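Below is one structure, written out as structure tokens; the observations come after it.
The values are calculated or read from the model by the stated rules, or taken from the named source; none is laboratory data. Model, not experiment: these values are computed from the prediction. Ideal geometry is used to build each Cβ from the backbone, glycine not excepted, and the neighbour counts take in all protein chains shown.
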Amino acid sequence: MFLINCPYCGERDQQEFKAGGEAHIERPKQPTELSDDEWAEYLFMRKNIKGVQFERWNHAHGCRKWFNMVRDTSNDEIKAIYKMGEKPPAQ
Amino acid sequence: MIKNLRVKSSEYIDETNRISFKFNGKTYHGFKGDTLASALLANNVHLVGRSFKYHRPRGIMTSGSEEPNAIVQVNPGTNRTEPNVRATEVEIYEGLEASSQNCWPSVEFDIGGINNFLSPFFPAGFYYKTFMWPASFWEKYEFFIRHSAGLGKSPTSSDPDIYDHRNIHCDVLVVGAGISGILAAKNAAKNNYKTLLVDEKNEIGGSTIFENNEFNKIDNKTPSEWLKKEIEELKNIKNLEIKTRTSVAAYHQYNYLLARENLTDHLEAKDKTNKIRQRLLKLRAKKVILATGALERPLIFNNNDRPGIMLSSAVKKYSEFYGVACGSKNIFFTNNDSAYESALSLYNKGINVEAIIDIREQSESKIVKKVKEAGIKIYWSYSIVDTTGYKRLNSVSIMKLSNDGTSVTGSKISISCDCLGVAGGWTPAVHLYTQSGSKLKFDEEKKVFVPNQNTSEQISVGSCGGDFKIDEIIKNLNQKLKDTLNIKETDLDNIKVEIDQENSKRNIWLLPSDKPLGKTKPFVDYQNDATAKDIKLALREGFRSIEHVKRYTTTGMGTDQGKLGNMHALGIIADTAGVKMGELGTTTFRPPYTPLTFGTIVGRNVGKFFDIFRRTPMNDWHVENKAEFENVGQWKRAWYYPINGETMHQAVQRESKAARESAGILDASTLGKIDIQGSDASEFLNRVYTNAWSKLAIGKCRYGLMLNEDGMVYDDGVTTRLGENHYIMTTTTGGAANVLGKLEDYLQTEWPELDVYLTSVTDHYATASLCGPNSKKILKKIIPDLDLSDENFPHMSFKEANIGSIQCRIMRISFTGEHSYEINVQASYGKDLWKKCMEAGQEFNITPYGTETMHLLRAEKGFIIVGQDTDGTMTPIDLQMDWIVSKKKYDFIGKRSLYRSDTMREDRKQLVGLLTDDPNIVLEEGAQIVSELNQSPVEMLGHVTSSYFSPNLNKSIALAVVRGGKDLMGKKLFVPMENKNINVTVAHPVFYDEKNERLNA
Ligand SMILES: [Zn+2]
């Protein structure tokens, strides 16, 4: 059970949060101009790596805010947490 | 005849408080402070159970939670019964009953014992091999295995006890209250750390509390005396909480630990009532200090499992702590000095010690000398090659060990005895440490795995950290405390420790016998009956990974997780395969450290709290009027209202007719409601719904379909524009929370520039849906001054009004196809609103209807239910709802996916109507649809999604998804059922009032 430092509320138990998959996949601004393959890339393709991964998390049972997390999936170490729209810290 | 082996009073046993209890139906006596194990031993009862595979008689081996054999059923036959309880952990109380497990008809005479003689047929991997044999053989073995297997009986009636959960946050959590844990907790608390000290036993002090080895001294006192003084001082320390009878079951990441606090298990039945039995503590600690101690290892020799063979440390604890002699002719078998402490402890209490058999060549420590002086015979360089006694040990045979320790020589000496204390060295209890994700390393000198790489803020102190001697324990503890607590000085700085140095060690993982290995039974895992030869067999058969050997032989897979024998298993594998133990690694220790009851895990979430549910404000009325309920998401919704013994079918037919002929009323409070405000609210709706919203006038309502980004229908509902920048969206009952989550996600992460605010208001409003040709007259009676003309209040529009002084929002919208109104009031007025409607509708025979009638009525109209007629693979086009997909809008969620090559396929499953050729046959929802009957295999074209008998059309109707269904209008298809084939015809999905004339009726 992680202890997650919500950028709005502080440290809270993992059970208050919901994981939201890979971070920094921006919804295309002009979807109609994309080929099927390009759209499929956005729609379906997600990384699932062993190691440092960028993820979206939501404080679902708290402030309901989304934020980003850098997590090492091999040992679950949370390396950084930052707000939506902010640049990921250099790793 | 019961022989009493209570030797000398102990300060931990209250001999004035005599307790009677039953074991296997026979009454025994013990004292307050006894465990079931110590009380049985005092009554000279060693035989307590049978082993799992061979049904060999087994006795009490240990004095703690690592016990592999003495597994009992507590209070059998009652609703408080609990299987798989370790007799070494049960504190006795008046009226306690316990029985042996795993034996039939009794522990004394057990039919499964024949397995012992059949054991050549039960090699390692027996179960695996059985599975691979011809299937026809399996039936025969299954009977046999099932009959002889089984670990205890679960209770058959509900648990009368209360369980609880509690969250605890602390600065420092100390696990284990032996000498290291106590000193760590004391120093943490003294330095202003909020400290919690937990221990699984009922008393703190660990094994040091009865450590009276006169050659070990702390500040010139015996460790026992010194520690008692320390414990006394704990009372005056602030910031320190101590919880006994609390065992940590799991250590997760981020210093999150689960512990079970046992509150009433040691009390008599009358004192258990109305109290919390066990509490699951959810501990979050800034720093964790593990002081879980070490477990003594047995030695692995032929027939090392007979009742009467125990750990040397357990023999000592029973004597020192409980005042019980485990035998009257005691022998010890050892590879280190520990057994000498036990022997001396017995000797000092006047208990007979016949001999010590030591596999070492010699030891010159003071305690060994003292034992020699006491006249106890020591056999140096000897090993036990066999034991005798079926239900109780009666002799051991010993032979001289060869120099390399792999064989025995010379003549065999037989020594008669009734208790054998075995000392094979100490294994740090690193279970919790590794559960936390931290990594071990193998200490070549100590031959054990010790903590190496920590992953969280934690330290391991005392023997669980690999320190076994009191001087190194204190020295290393002191340094670790300073480092982890950031302090300069501790209580330990000036302690003077003298110890008796042990000066020789000899470690042999598998001791030889004069017989070949194949003819012996050296047990490694007692609970699962895995022997050294099983492990060697697994290696011969090609298994190399420790995890594979474990599963193949079941070593370490019992409820005790092989706490005693895992190291030997590793050692034997390493020796046989010629690799280093450090390279093998250990098997994974998984939570819980000791078994947890289900009650503790679920806590208060039982009965009606097991799965919480929501009720609408009108719920009492539904209950009073005998509604049947159905679960929709978390809601309990009125399903139908049977009267005069109607069946569900009869009630639904009546309700459906009434709603179309005169008036019906539905509790629609459960629909999700999201309040949407902000200057970009219209733009936001444009992006989330498939249709256009900018031009929706204030006071108008519109139906919307929401897709996932993959183009599949996600939710639907009517949204009303309340003001320039204010909407109220309704969602499906089950989808409310997910829709809100999804909308928030888009707002926060994709479109943060939009000025939109979302608030869930589902619970704030109660909604009565009034429908039918007389609904207008009824509403007029309730709100006389509201102009209900079609000009002023047309279909798909909204009005605010007052019912008396109660404000309400009324939407003229319809899910049934009838003229209808949805009246929303503040939730607390919901029941009043409902009663007013019923009263006003009485003259029109207003009929309350439930979800089943609602589903039927909408099916007559061909309206979809998301989640029933859709399943996450249906696009609006598949649903024949092209009309709701805006062609003009540049983008909305899911738009791009609607013209992917896959979503544009003509042969996708599409929603159609189905009519049975025989109008009285109602199809089963989920039934498959085919176009050919005499073909095998036959292509499945689709399935029925909704099906009812329509009382208003007097025929059966159904909705279905069918491959390429749009182009199959009028085509004959078949629904094959178990006993018959049903002929159906594809139809338009709107069965009733295709022109929507009734909306304005
Ligand atoms: Zn938060």
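For this structure, a couple of remarks:
- Total residues in segment B:936-972 satisfying the condition of being of a type in the set (S, T, N, Q) and either more than 16 Å from B:P989 (Cβ to Cβ) or over 41 Å from the mean Cα position of the chain (by Cα) (or both): the figure is 5.
- Filtered residue count, segment B:882-904, keeping only those that are facing chain A (nearest Cβ under 10 Å), assigned to a helix (DSSP H, G or I) and either farther than 14 Å from B:Y714 by Cα or modelled with pLDDT under 95 (or both): 2
Every residue, every condition in (1) out of contact with any Leu (no Cβ under 8 Å at 6 or more places or on another chain); (2) surrounded by 23 or more Cβ atoms within 10 Å (Cβ to Cβ); (3) among the hydrophobic types (A, V, I, L, M, F, W, C), yes or no:
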{"residue": "B:G518", "(1), (2), (3)": "yes, no, no"}
{"residue": "B:F523", "(1), (2), (3)": "yes, yes, yes"}
{"residue": "B:I535", "(1), (2), (3)": "yes, yes, yes"}
{"residue": "B:L539", "(1), (2), (3)": "yes, no, yes"}
{"residue": "B:G562", "(1), (2), (3)": "yes, yes, no"}
{"residue": "B:I573", "(1), (2), (3)": "no, yes, yes"}
{"residue": "B:V602", "(1), (2), (3)": "yes, no, yes"}
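- Those residues of segment B:887-898 which are surrounded by 15 or more Cβ atoms within 10 Å (Cβ to Cβ) and not acidic (D, E), in sequence order: B:K889, B:F892, B:I893, B:G894, B:K895, B:R896, B:S897, B:L898
- Selected residue (only one of B:F333, B:F301, B:F321 is more than 30 Å from B:V461 (Cα to Cα) and either over 43 Å from the mean Cα position of the chain (by Cα) or not acidic (D, E) (or both)): B:F301
For (1) within 14 Å of chain A (Cβ to nearest Cβ); (2) part of a loop (DSSP other than H, G, I, E, B); (3) over 16 Å from B:D491 (Cα atoms), each residue gets a yes or a no:
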position	(1), (2), (3)
B:E200	no, yes, yes
B:E203	no, yes, yes
B:G206	no, yes, yes
B:F215	no, yes, yes
B:W226	no, no, no
B:E232	no, no, no
B:E241	no, no, yes
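- Condition check for B:L696: crowded, with 24+ Cβ neighbours inside 10 Å and at pLDDT 95 or above: no
- Of all residues in segment B:260-288 being hydrophobic (A, V, I, L, M, F, W, C) and more than 14 Å from chain A (Cβ to nearest Cβ), the one that is surrounded by the most Cβ atoms within 10 Å (Cβ to Cβ): B:L263
- Which numbered condition B:D575 misses (of (1) modelled with pLDDT under 90; (2) acidic (D, E); (3) in a helix (DSSP H, G or I)): (1)
- Selection of segment B:520-543 for residues being among the aromatic types (F, W, Y) and either at positive phi or not in a loop (DSSP other than H, G, I, E, B) (or both) yields only B:F523.
- Checked against the criterion of being farther than 22 Å from B:I179 by Cβ, more than 14 Å from chain A (Cβ to nearest Cβ) and modelled with pLDDT of 95 or more, the candidates B:C417, B:C464 yield just one match: B:C417.
- Candidates B:K439, B:K447, B:K482, B:K469, filtered to the one that is modelled with pLDDT under 95 and closer than 20 Å to B:E230 by Cα: B:K469
- If you go through segment B:222-249 and keep only what is free of Cβ contacts under 8 Å to residues at least 12 places away in the same chain and touching a Leu at 6+ places or on another chain (Cβ under 6 Å), you end up with nothing.
- The requirement of being over 40 Å from the mean Cα position of the chain (by Cα) and among the polar types (S, T, N, Q) is satisfied by B:Q677.
- One residue from A:D13, A:D76 being among the charged types (D, E, K, R), touching a residue at least 12 places away in the same chain (Cβ under 8 Å) and on the phi > 0 side of the Ramachandran plot: A:D76
- Residues in segment A:24-54 that are touching a residue at least 24 places away in the same chain (Cβ under 8 Å) and within 18 Å of B:K742 (Cβ to Cβ): A:R46 alone.
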